[in-house]
Structures are given as C-alpha cells and as structure tokens.
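Comments concern the structure below.
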Amino acid sequence: MKKRDYYEVLGVAREATEADIKKAYRRLARKLHPDVNPGDKSAQKKFQDVQEAYDILRDTEKRRAYDRFGHAGRPTGFDPSSAGAPPGGFGGGEGSGFEGFHFEGGDIGDLFGNLFGGRVRTGPEKGEDAQGTIVLPFREAILGGTTSLSLRREKECANCHGSGRVGREVCPVCRGRGRVAEVETVRIKIPEGTEDGGTIRVPGKGSAGVRGGATGDLFVTVRVAPDPYFERRGDDIHGVVPVTVKEAYAGAEIDVPTVHGTVRARIPPGTRGQKLRLRGRGVRNPRTGQTGDHIYTIRVVVPKAVTPAGLDAATLLDGLYDEPVRKDLPKGL
Ligand SMILES: [Zn+2]
C-alpha cells in the first residue's frame, strides 16, 4: 500500500499554516483517539497515521525536509539529524510506519489535556467502570456462591507503570496510553437471595485509573435461568407436588423438594388441590434477615389404566361427596 501524503492525512493544503495543521490534528485526534474507539483497529491505524503526519508537519525542519524529499527518505549523503528526519526516512515503508515516531518532551500531556471537554486534565482520574452479565442457575442465585466472568479491561501498563512513556520515548507497549487491554477472569461472589435483573458490584475490577487515579468498579448484571420445577415469587418458592388418589384421600407422608433440599412433609386426609406451606424453606433475604416459605400445590394424579375394578372403586368414591363438586361455579351462562 502506498503511503499517504501527510497533508492529505491531516486534510490540509500544502501551504497550511502551523495553526491550520494544529487545528486539523486536534479535530482528527479527538475523533480517532483510542479512548474514544476502544478495540477499533481501523481507527487505531488512522490515529497512528495522523500522529505521524502531525509529528512531521508541526516541526518546521521536518516539514521542510518532507516537502523536499517526501516519503522517499533521504537521498545519499542526506544527514537525518540535521533535518530532523527519523533514520530510514519518514516512517519508512509498510510495517515500519510507526517506529520512527515519538512525541517530544512535555507535549502529549498538554495536547491531550485540551482535547476532551476543553479542560486540561492533569490530576488523577478514576478508571471507567466495567459492565458484565452472568447467567446463574436458579438454585445458585438463591443459595449464593461464587462464579467467574471473563472480561476485557484496561490495566496499568507494566512496561511504563502507567506513565505512558519510557524515558523520553512513548512507551512501545501501550503506545503512550499508560494502559493495556487484557482479558481477565474475575471471581464473583454471589450473595444469597440474588434476584433476576439484580446487579453485583465488584470493587476495583473496572479499568485502571490514569495518573494514579483509582481503578473503576465492575458492575455485573445477573440473569437467573428459569428452573423446570421451582418458581420464585418474592422470597417464596413455589412448586407442584403430584400425589396419588389414595395419598390425597387417606393422607400421607411425602417428599417435597425445596431449594434447600428435600423435606419430608405430611399431607392431611382429604387433601385436594390446595397449596401447602413449609415455613422458612424459601429464599433467605439478606436485606431483611427473613426467609421466605416453600409453597407447594398438590396435584392429584388419576391412574391412566381404566379397569372394571378401578371403575368400581371410583364409583364408590363418587358416592362419598357430601355436596356437588361444582356447586360454586356460575350458573345460567
Ligand atoms: Zn506503557
């Protein structure tokens, strides 16, 4: 790929003044800065091109040399130090583009300080908060525990310790940003009774701060997967328990599954489809310190096989109702 003309990169005329060049640079840098376009490779490349073009055109000596020799580099006998050109020409060919470039002392701070919001930012800045989402199995959300989440976050650059520079040069690892994006697996503590749509805050797992600023926090949105058996309503858990005709009629001891484990429960004789309650077997709510109940609905299951003996037994039961079972339904509709 042919290297683009520096004037073209900045979108200014060849006779542009220093002020024009600076203005064009600021406009482009504001648009293309990596902090504004995280993860955007194309913006990153353009940002580097703009930086490189500006680094040459802002300097009278380098600009004059560029005007004369272009990207072709120095002619034989040309002394790069006298013209201020980086060794090997201006940025060289493809692939080497960025290496000759560096900011000169003291400039990056005031330049970028002015870019955002029109105010100079020189003090410590807190890192951005990170966001994430986890999907929890139903019981894990209720009982609490730990899970982990992989996320990309900005960490302090280990090479320059967040300063963005090594000596007078821009840090090659973070390219002057002082931070590098890394994928990290973060352990997340699930509090007991966590609700669907709730948020868990993990302090210090957002992006690293700038200039010694505090690290941001991670906010994790919780989605709770539905359970085929349990349903949460407030702090109560609901479920359905099937019983046989005989168990319902005679009363029985049955196993009732709850989120805290199976509980042996007694159903009274003549149980119909009512709801029964196991106190304190629901969700423990850390805010109130109270624990909800487990509420289970009895479902009487009739055998599928219809036999003469079965019909006799059913007929016998039918004679035992002391009032019509549908007496409370609306009439005359
Ligand atoms: Zn660095």
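The values are calculated or read from the model by the stated rules, or taken from the named source; none is laboratory data. The shown structure was predicted, so the numbers you read here are calculated from the model rather than taken from an experiment. In this analysis, Cβ positions are derived from the backbone assuming ideal geometry, glycine residues included, and neighbour counts consider all displayed protein chains. Note: accessible area is taken over every heavy atom of the protein model, side chains too, but ligands, DNA and RNA are not part of it. Shrake-Rupley method; radii C 1.70, N 1.55, O 1.52, S 1.80 Å.
Quick notes on this one:
- Every pair of residues 6+ apart whose Cβ atoms lie under 6 Å, when the first sits in the stretch 137-157 and is touching a residue at least 24 places away in the same chain (Cβ under 8 Å) while the second is hydroxyl-bearing (Ser, Thr, Tyr) and open to solvent by 30 Å² or more (accessible area, probe 1.4 Å): 148/185; 150/185
- Given (1) assigned to a loop (DSSP other than H, G, I, E, B); (2) closer than 17 Å to residue 68 by Cα, number of the condition residue 8 does not satisfy: (1)
- Residues of the stretch 20-48 that turn out to be open to solvent by less than 70 Å² (accessible area, probe 1.4 Å) and at pLDDT below 85, as a count: 14
- Among the residues of the stretch 299-310, not one is open to solvent by less than 80 Å² (accessible area, probe 1.4 Å) and within 11 Å of residue 239 (Cβ to Cβ).
- Tabulated pairs, the stretch 203-229, first over 13 Å from residue 132 (Cα atoms) and of a type in the set (Phe, Trp, Tyr), second open to solvent by 30 Å² or more (accessible area, probe 1.4 Å) and not in a loop (DSSP other than H, G, I, E, B), C-beta under 9 angstrom, 6+ apart or interchain: 229/240; 229/257
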